[in-house]
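Heads up, the thing below is written out as structure tokens.
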Amino acid sequence: MYLNQLTLTHFKNYNEASFNFSKLVNVFFGKNGAGKTNVLDAIYYLAITRSYFNSVDHQQIQHGEQFFAIQGNLFKEEQSMALRLYFQKGLGKKLLVQQKEVDKFSDHIGQMPVVMIAPGDIQLIYEGSEERRKFIDLLISQCNRVYLHELQVYQRSIEQRNQLLKDFYENRYFDRELLGVYNEQLINSGSYIHRIRHEFIDVFSPLFLNNYARLAGTNEAVSLSYESDLNRISFPELLRQSESADIDLLRTTKGIHKDDWAFLIERQLLKKFGSQGQQKTFIIALKLAQFQYLHLQKGVKPILLLDDIFEKLDQHRLAELFKWMSEGLFGQIFITDTQEKRLRDMLVQTELACAYFEIDNGAIISHS
């Protein structure tokens, strides 16, 4: 699977730009703020239907314009697929595949597997549980449509149950039977999600551990731990125990929407006891496991987007990553950096065909 063409119109700092890509490695270099990362984000947009960095669509429009458009041509299983994502102020967002509008964006998720590795990924360690759940949920959703559907059902059920709790308070009444109906909806979807998350971690964790060991070159004891109240108690009992708190706080205080993924080193929290180098290695190993999991489940190599990779890893770990490239672990790769020479020096060792794009202020200055 590879993207051979991309056209941007009024997207971020691009007025109009068209790219013809290599099947293997594509490099974007230029000063900070030139627009290198915006190209990677446009590719991510085509795959996931939203920005990797900012979920507010209208903020992706070039200043002074009313819309943006991203068009790409994807080759998958030797078949060409025309993609067009369009957003206009006041009209919203549309996605067209082969010139046919997609009714639900969720139907497109997973059709173009993609993995982004960016400097901000370190926040997966420092942010709250919601960011880690989003990361895992999106990864599983690209491979399991039922999981994505049940996530949506669960979220709607949470919103409806919370509204019911507010209605109880505002109207000064309590209907246990009605509450039980909403509980049943949560239990059905939540129990399925909990089971799939456990099945996921059984496959994902060994991939991650192998990656960390190879990148770090040590036998540091790192691990991923899936933390959920449902690991120790059934969902019906959990809701029964939390009912009083839910009524007092007017919201659902327990459930799989509170689950977390603990990042550990030597059985301690990584964010407290891991060095900066260990944390960076952990994130890269995590993201490479994301790539491997998608490849395993989807049967195609995802598109790999590497944003400012030199800011994340030291020379040893970078050399190991580029060695993986030369071994053919990845498919199509997109890389950004501020320095052309150091990228060329590293990539020449991989013996892979590369296309180089010099970017300046949302424009392609040179292409080789």
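Worth pointing out:
- Within the option set GLY362, GLY331, being in a loop (DSSP other than H, G, I, E, B), in contact with a Pro (Cβ under 8 Å, 6 or more places away or on another chain) and in the same structural domain as TYR45 (by TED's automatic domain parsing) holds for one residue only, GLY331.
- Only one of LEU95, LEU83, LEU91, LEU46 that is assigned by TED's automatic domain parsing to the domain that holds SER18, touching a Gly at 6+ places or on another chain (Cβ under 7 Å), farther than 29 Å from GLN339 by Cβ and aliphatic (A, V, I, L, M): LEU83
- When PHE282 is tested against (1) surrounded by fewer than 19 Cβ atoms within 10 Å (Cβ to Cβ); (2) assigned by TED's automatic domain parsing to the domain that holds LYS166; (3) touching a strand residue (DSSP E or B) at 6+ places or on another chain (Cβ under 8 Å), just one condition goes unmet, and that condition is (1).
- Residues considered: ARG214, ARG195. Of these, the only one that is without any contact (Cβ under 8 Å) to a residue 24 or more places away in the chain, part of a helix (DSSP H, G or I) and within 30 Å of LEU270 (Cα to Cα) is ARG195.
- Qualifying residue in region 306-319 (condition: among the basic types (Lys, Arg), within 19 Å of LEU207 (Cα to Cα) and free of Cβ contacts under 8 Å to residues at least 60 places away in the same chain): no
- Filtered residues of region 238-294 (kept if outside any helix (DSSP H, G or I) and small (Gly, Ala, Ser)): GLY255, ALA262, GLY274, SER275
A quick yes/no check of all residues on (1) under 23 Å from GLN241 (Cβ atoms); (2) within 21 Å of the chain's Cα centre (by Cα); (3) at pLDDT 95 or above:
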residue	(1), (2), (3)
ILE136	no, yes, yes
LEU151	no, yes, yes
ARG156	no, no, yes
GLN160	yes, no, yes
GLU184	yes, no, yes
SER189	yes, no, yes
PHE200	no, yes, yes
ASN211	no, yes, no
GLY217	no, no, no
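- Tallying residues that are within 18 Å of ASP57 (Cα to Cα) and part of a strand (DSSP E or B) within region 86-100 yields 8.
- If you go through region 17-38 and keep only what is closer than 15 Å to GLN60 by Cβ and touching a strand residue (DSSP E or B) at 6+ places or on another chain (Cβ under 6 Å), you end up with ALA17, GLY35, THR37.
- When residues of region 48-85 are limited to those that are part of a strand (DSSP E or B) and free of Cβ contacts under 8 Å to residues at least 40 places away in the same chain, the one surrounded by the most Cβ atoms within 10 Å (Cβ to Cβ): LEU83
- Among the residues of region 326-361, those that are of a type in the set (A, V, I, L, M, F, W, C), modelled with pLDDT of 85 or more and closer than 16 Å to LYS23 by Cα comprise LEU329, PHE330, ILE333, PHE334, ILE335, CYS354, ALA355, PHE357.
- Remark: pairs (first residue in region 116-131, farther than 21 Å from LEU306 by Cα and without any contact (Cβ under 8 Å) to a residue 24 or more places away in the chain; second residue of a type in the set (Lys, Arg) and not in a helix (DSSP H, G or I); Cβ separation under 8 Å; 6+ apart in sequence or on different chains) are absent.
- From the options GLU16, GLU101, residue that is without any contact (Cβ under 8 Å) to a residue 40 or more places away in the chain, surrounded by fewer than 17 Cβ atoms within 10 Å (Cβ to Cβ) and closer than 30 Å to GLU340 by Cα: GLU16
- Selection count where residues are assigned to a strand (DSSP E or B) and farther than 12 Å from ALA42 by Cβ, scope region 9-31: 7
- Residues of region 7-34 that turn out to be in contact with a Leu (Cβ under 8 Å, 6 or more places away or on another chain) and closer than 29 Å to LYS89 by Cα, as a count: 5
The values are calculated or read from the model by the stated rules, or taken from the named source; none is laboratory data. On a predicted model such as this, the values are computed, not experimentally measured, just so you know. Using ideal geometry, Cβ is built from the backbone for each residue, glycine included, and neighbour counts are taken over all protein chains shown.
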